[in-house]
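All remarks here apply to the structure that follows.
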Amino acid sequence: MSAVQVRNLNRRLDNLASEATLELNKVCGNELWRNIGFEAVDGLKDADLRAMANYYYGQLQTVRELQEILS
């Protein structure tokens, strides 16, 4: 993979992480999920909100794993 491809991939991963973080903030209503982690997401009462939060939390975890590999 060329340096340009890696840089572009990192930029796209950053965009995905930003989107996931923004959506998690909306769904959870605050940023406490950052400190508490998955338990905050799993503790949501509304099943639809919990499903959405699980999706974005999984997306964020995947992005972090890929960024770690690329580092």
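The values are calculated or read from the model by the stated rules, or taken from the named source; none is laboratory data. Keep in mind that this is a model prediction, so the values were computed, not measured. Virtual Cβ from ideal backbone geometry, glycine too; neighbours counted across all protein chains shown. Calculation scope for accessible area: heavy atoms of the full protein, side chains included, ligands and nucleic acids excluded. Shrake-Rupley method; radii C 1.70, N 1.55, O 1.52, S 1.80 Å.
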ask   = What accessible area per residue, rounded to a whole number of Å², is obtained for the stretch 1-51 using a probe radius of 1.4 Å?
value = 71
remark   = Karplus-derived 3J(HN,Hα) from phi for the stretch 27-34 (6.51 cos²θ - 1.76 cosθ + 1.60, θ = phi - 60°), whole Hz, x at Gly and Pro, runs 5, 7, x, 6, 9, 5, 4, 5
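On a full-extension model of 0.36 nm per residue, what is the gain between Gln5 and Lys45, subtracting their alpha-carbon distance, rounded to one decimal in nm?
Working: separation 40, 0.36 × 40 = 14.40 nm, distance 4.14 nm.
Value of the extension gain: 10.3 nm.
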query = Between Glu23, Glu39, Glu31, which gets the highest mean-square fluctuation from a Gaussian network model of the chain, Cα cutoff 10 Å?
reply = Glu39
task = Collect residues whose amide H, placed 1.01 Å from N in the peptide plane, falls under 5 Å from the amide H of Leu44; neighbours closer than 5 in sequence don't count.
result = none
request  = Just the number, please: Stokes-Einstein D of the chain in µm²/s, Kirkwood Rh from C-alpha pairs, 25 °C, 0.890 mPa s.
outcome  = 191
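Carbon and sulfur together cover what percent of the accessible area of the chain at a 1.4 Å probe radius? Mind dumping the intermediate values first?
Numbers: 2610 of 4980 Å².
Of the solvent-accessible surface of the chain, carbon and sulfur hold 52 percent.
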message = Which residue, Ala3, Asn30, Ser18, has the largest displacement toward the positive end of the dipole of the stretch 1-42 when charges sit on each Cβ (Lys, Arg +1; Asp, Glu -1)?
response = Ala3
note = Counting only DSSP loop positions in the stretch 27-57, the trypsin sites (Lys or Arg not before Pro) whose Cβ has at most 13 other Cβ atoms within 10 Å are Lys45
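Where nothing but the Cβ of Lys and Arg (+1) and of Asp and Glu (-1) is charged, how large is the charge dipole of the chain around its Cα centre, in debye to the nearest 20? Let's see the in-between values first.
On the way: 8 positive and 10 negative charges, 50 e Å.
About 240 debye.
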